[in-house]
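A quick write-up on the structure given underneath.
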Amino acid sequence: MTIFERSKPGRKGYELPAYDVPDSGCNVPEHLLRKDPPMLPEVSEVDVVRHYTNLALKNYSVDRGFYPLGSCTMKYNPKINEDMAMLFTQLHPFQPRETIEGAVQLMGHLKELLCEITGTDDMTLQPAAGAHGELTGLLIARAYFEDIGELEKRKKVIVPDSAHGTNPASAAMAGFEVIEIKSGPDGCVDLEELKKHLDDTVAVIMLTNPNTLGLFEKDILTIAKMAHDVGALLYYDGANLNAIMGRTRPGDMGFDIVHLNLHKTFSTPHGMGGPGSGPIGVKARLAPYLPVPVVRKSGEKYELDYNLPKSIGMVRTFYGNFLVLVKAYTYILTMGGKGLKHVSDMAVLNANYLRVKLSKTFKIAYDRICMHEFVIDNEEFAKKTGVKTLDIAKRLLDYGLHAPTIYFPLIVHEAMMIEPTETESKQTLDTFVEAMERIAKEAQENPQLVKGAPYTTPVRRLDDVSATKYPVFRFKR
Amino acid sequence: MHRYIPHTEEEIKEMLQEIGVGSIDDLFIDVPKTIDGYNIPDGKDEFTVRKLVEELARKNKTFEPEFVFLGAGIYYHYIPTVVKHLAANPNFVTAYTPYQAEVSQGTLQMLFEYQTMMCELTGMEVANSSMYDGASSFAESLLMATRITGKYKMLVARTINPEYRTVARTYTKPIGIKIEELGYTELGTVNLDELKAKLDDETAAVAVAYPNFFGFIEDLKAIRSLIPQNVVFIVVAEPVSLALLEAPGKFGADIVIGEGQSLGVTPNLGGPGIGFFTTLEKHVRKMPGRLIGQTKDLEGKIGYVMILQTREQHIRREKATSNICSNQAYIALINAIYLSVMGPQGLREVAYRSYNNAHYLAKKLEEAGFAKIFSGEFFNEFVVRVPDDYRNRWHEMAKNGILGPIPIDRVYKELGPSALVCATEVNTKESMDKLVEVMKK
């Protein structure tokens, strides 16, 4: 039932204090005054409580169980992060600078920590999400080339066909032409293919490393050199940073612009789709183009620097998703340098353990040592059994597990992309393997059973096709 | 061992054996080792972390809500306790984007209801399930106007939040959008003669704010009557005001966007907030962001799914209507809970009290010698003339627990010494009288 159907005219869930301000009368011209009240719910407080509590029960979450969505890094979100963010909720972004000393210090410390983690020299914390960071990074690249007089000729951004969809979309928004290059047979960037497209018309190469197949781009130092030799910049998509912490840094590999997903690697929860946070770190020569304000140390104090004449401007209001920054900061203090390395070690261990266990039943797309995630290729499985990746995913829901990412990356047909993260125990991984093996068996013995899944969820399989063909955008009486 | 990472030494050994490697390092053979750990101190126990962060929090000054007279896009409103409690449910907080609809009906139904509520407030037909903030919504509305019209000239009122205009310039410059500003009159609202003069065949959109940055209520009817139907009419609206003011949809708006922070979200130093984004069905395929729609499951039961994803980046890649992926869904939840609790009547009372408080305060300030700069009709904010040294006094007031009206003459230089005064339902007669007294000194 929707909240609108619970509604009864005249019922209410709020109470305002007694009001003793004299009525000044309303002078708004008649035609600008609202005639019909908006159809908002009229419900009591307990109605509201039950409605949203019941909705919450219809959600799967990390706190309920295993959530192996590839490329999404659904790790456990420590509770202290939430509490610490709550300490900063009452600040107005325009209150005088001297009254937000602690907040500015926090942003300053956090920036230094994230620069250390990424191997970059300066950073903006402003972008609200990964894709927002991508746009910011590409606008920085654009401003840089404009400044050195090369924007006219450098119109291209190269992205591999395995890249996240946000990469090409962000490049297009930043006014670049997108060149998609095919991955090599080993799942990595094909150097010959790259060479074909790489010249001084290229502004940026965007890479994820490890890439979306969970494989480390082992030729990265060569790729960086190739990019820099033609004067292009190398952009790091940080979605997969969880695999390499404490061992290597994007900046050290030659990346010039690096984005982070604080809601992934740094455990600030994803909140059903956001708020995220996508800080962008850059090498020193790109620092003048960062969006304002930039938090910088000046003497012993941190200051908000608005004086960047070459800045791209602002990409959102104020300081970004500040409370998300507090959560990431709390997490880094909790884990420390060694803890972050342990995170990556265990994330990679878990992924490889799952890969090996599942390889006995399923075809792994690139069956070699992987990083924090890997991809199953169900093409043959589907041909043989008629059971597609989508069906397996839906059947997993019946086993009380969330499904992995499916049909991504696009270069693997019937793909299933699995990222266990470091916070899952061996027992949990074994349970997942058992469920996958049982489904494989079901697919052979009784494919209709799998194709009809799920059976135990709040709703059965939903009709996406007619939902888009005859869209219902809102509740109507 | 770490409290968030469950592996025992024994298990690590077993797992390495299963994989067939001798050590963890063997899993990183492809990775060039450029560092040996980070130059970051070791991790700390929870007690110590708490103390460190609390110490930083103490270095900030927070204000009693009734002594906040600063708005300018972020507003203090009373937030019923139930909002925080319901929103803290971990099944909302720790869920991901609803990629598996059957186990995400909580998220999906909530967003569908949120979309409905935003349509109701704005008088529009479709709402997306959120953007980053008011500024990014505004920027994306201009990009959308270009997609609709194929034209690149935007007429943007100077009375739209200056930060929104700044962000919009950042977003729109690469694709060649030209933004021309529209000035304002002594009423504090957009100059209609200038609008008439600047409108031409190249114009993609006209954008105004309602109420605008100065708090003044634009006459949307008069503005729309000057704009040809094929020019996109964008309204940046303050959502609380829409319980009192006629919905922009009633005046022929094509896109209504804004910042949703005032609907139950704490100020959060400006983030997270939420950008809302609404439009008409005829424009929906040009719209950025994620949409949730109603459908049925195979047994005919009503359910909700993400729809029209063929516009989105994960399918359309560089041809997508926008690059947005993660949005502000959790804040949409807070908006939805707040609007459910307040209902139409509660929200109207909040809006009317904000309006009335601002008008009471304006009168008192005027009596105390702070003249209103504009003479039009305003909602919960207005601009007053202040002495040359007001900025110092503003800092002084903050020291004494009053977050006073913000000086705006650095951004609107043409106004001379001036401050933007804000009142909402949280201010009391007592706190407003006190402000007047303190400002007089």
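The values are calculated or read from the model by the stated rules, or taken from the named source; none is laboratory data. If you're wondering where the values come from, they're calculated on a predicted model, not measured in any experiment. All Cβ positions, glycine included, derive from the backbone under ideal geometry; neighbour counts span all protein chains shown. Each accessible area value is taken on the protein alone, full model and side chains, heavy atoms only, with ligands, DNA and RNA left out. Shrake-Rupley method; radii C 1.70, N 1.55, O 1.52, S 1.80 Å.
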**Request:** Identify the single condition in (1) modelled with pLDDT of 95 or more; (2) on the phi > 0 side of the Ramachandran plot that A:PHE318 does not satisfy, given that it satisfies every other one.
**Result:** (1)
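Just checking, how many residues over region B:295-314 are more than 7 Å from chain A (Cβ to nearest Cβ) and either free of Cβ contacts under 8 Å to residues at least 60 places away in the same chain or aromatic (Phe, Trp, Tyr) (or both)?
7
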**Request:** From (1) touching a residue at least 60 places away in the same chain (Cβ under 8 Å); (2) within 12 Å of chain A (Cβ to nearest Cβ), pick out the condition that doesn't hold for B:GLY215.
**Result:** (2)
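Yes or no, residue by residue, for (1) closer than 30 Å to A:ALA403 by Cβ; (2) at pLDDT below 95; (3) surrounded by fewer than 20 Cβ atoms within 10 Å (Cβ to Cβ):
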| residue | (1), (2), (3) |
| --- | --- |
| B:MET15 | yes, no, no |
| B:GLY20 | yes, no, yes |
| B:ASP25 | no, no, yes |
| B:THR48 | no, no, yes |
| B:PHE67 | no, no, no |
| B:VAL82 | no, no, yes |
| B:ALA88 | yes, no, yes |
| B:GLN105 | yes, no, no |
**Prompt:** Which of the residues belonging to region A:189-204 are part of a loop (DSSP other than H, G, I, E, B) and buried (at least 24 other Cβ atoms within 10 Å of the Cβ)?
**Reply:** none
**Request:** Kindly check whether there is at least one residue in region A:19-38 that is open to solvent by 20 Å² or more (accessible area, probe 1.4 Å), in a loop (DSSP other than H, G, I, E, B) and aliphatic (A, V, I, L, M).
**Result:** no
**Item:** Matching residues, region A:270-287, being within 14 Å of B:ALA95 (Cβ to Cβ) and either open to solvent by less than 10 Å² (accessible area, probe 1.4 Å) or of a type in the set (A, V, I, L, M) (or both)
**Value:** A:HIS270, A:GLY271, A:MET272, A:GLY273, A:GLY274, A:GLY276
**Request:** Would you point out the residue of region B:1-25, among those that are among the β-branched types (Val, Ile, Thr) and part of a helix (DSSP H, G or I), that is farthest from the other protein chains (Cβ to nearest Cβ)?
**Result:** B:ILE12
**Message:** I'd like the full set of residues that are of a type in the set (Lys, Arg) and part of a loop (DSSP other than H, G, I, E, B), limited to region B:396-412.
**Reply:** B:ARG410
**Request:** Report those helices (runs of 4 or more DSSP H) wholly inside region A:292-411 carrying at least 2 residues which are outside the structural domain of A:GLU442 (by TED's automatic domain parsing), within 25 Å of the chain's Cα centre (by Cα) and crowded, with 24+ Cβ neighbours inside 10 Å.
**Result:** A:322-358
**Request:** Filter region A:282-319 down to residues that are among the hydrophobic types (A, V, I, L, M, F, W, C) and over 16 Å from A:CYS115 (Cβ atoms), then give me how many there are.
**Result:** 7
**Request:** Kindly check whether there is at least one residue in region A:89-97 that is open to solvent by less than 30 Å² (accessible area, probe 1.4 Å) and more than 7 Å from chain B (Cβ to nearest Cβ).
**Result:** no
**Request:** Evaluate the following for A:PRO168: is it within 26 Å of A:SER344 (Cβ to Cβ) and open to solvent by less than 10 Å² (accessible area, probe 1.4 Å)?
**Result:** no
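Kindly indicate which of B:LYS286, B:LYS296 is open to solvent by 20 Å² or more (accessible area, probe 1.4 Å) and farther than 28 Å from B:GLU238 by Cβ.
B:LYS296
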**Prompt:** With respect to the numbered conditions (1) within 8 Å of another protein chain (Cβ to nearest Cβ); (2) buried (at least 24 other Cβ atoms within 10 Å of the Cβ), which one is the sole condition not fulfilled by B:ASN356?
**Reply:** (2)
**Message:** Tally up the residues in region A:441-477 that are assigned to a loop (DSSP other than H, G, I, E, B), of a type in the set (Val, Ile, Thr) and either facing chain B (nearest Cβ under 8 Å) or over 30 Å from A:GLU5 (Cα atoms) (or both), please.
**Reply:** 3
**Request:** State all residues of region B:59-76 that are more than 13 Å from A:THR89 (Cβ to Cβ), within 20 Å of the chain's Cα centre (by Cα) and either among the small types (Gly, Ala, Ser) or in a loop (DSSP other than H, G, I, E, B) (or both); if no residue qualifies, say none.
**Result:** B:PHE69, B:LEU70, B:GLY71, B:ALA72, B:GLY73, B:TYR75
**Of all residues in region B:249-264 being open to solvent by less than 10 Å² (accessible area, probe 1.4 Å) and touching a helix residue (DSSP H, G or I) at 6+ places or on another chain (Cβ under 6 Å), the one that is farthest from A:PHE88 (Cα to Cα)** = B:ILE255
**Request:** Take A:LEU207 and decide whether it is surrounded by fewer than 24 Cβ atoms within 10 Å (Cβ to Cβ) and either within 14 Å of chain B (Cβ to nearest Cβ) or not hydroxyl-bearing (Ser, Thr, Tyr) (or both).
**Result:** no
**Odd one out for A:LEU114, checked against (1) more than 7 Å from every other protein chain (Cβ to nearest Cβ); (2) out of contact with any Gly (no Cβ under 9 Å at 6 or more places or on another chain); (3) modelled with pLDDT of 95 or more** = (2)
**Message:** For B:LYS173, only one of the following conditions fails: (1) among the basic types (Lys, Arg); (2) under 24 Å from B:SER130 (Cα atoms); (3) touching a residue at least 24 places away in the same chain (Cβ under 8 Å). What is its number?
**Reply:** (3)
**Failed criterion for B:GLY183 (all others in (1) touching a residue at least 60 places away in the same chain (Cβ under 8 Å); (2) in contact with an Asp or Glu (Cβ under 8 Å, 6 or more places away or on another chain) hold)** = (1)
**Asked** Does region B:230-255 hold any residues that are among the small types (Gly, Ala, Ser) and part of a helix (DSSP H, G or I), and which are they?
**Response** B:SER241, B:ALA243, B:GLY249
**Message:** Among the residues of region B:419-441, what is the count of those that are buried (at least 21 other Cβ atoms within 10 Å of the Cβ) and either within 14 Å of B:VAL384 (Cα to Cα) or of a type outside the set (Ser, Thr, Tyr) (or both)?
**Reply:** 11
**Prompt:** Restricted to region A:213-235, and to residues that are more than 12 Å from chain B (Cβ to nearest Cβ) and touching a residue at least 40 places away in the same chain (Cβ under 8 Å), which residue is most open to solvent (accessible area, probe 1.4 Å)?
**Reply:** A:GLY231
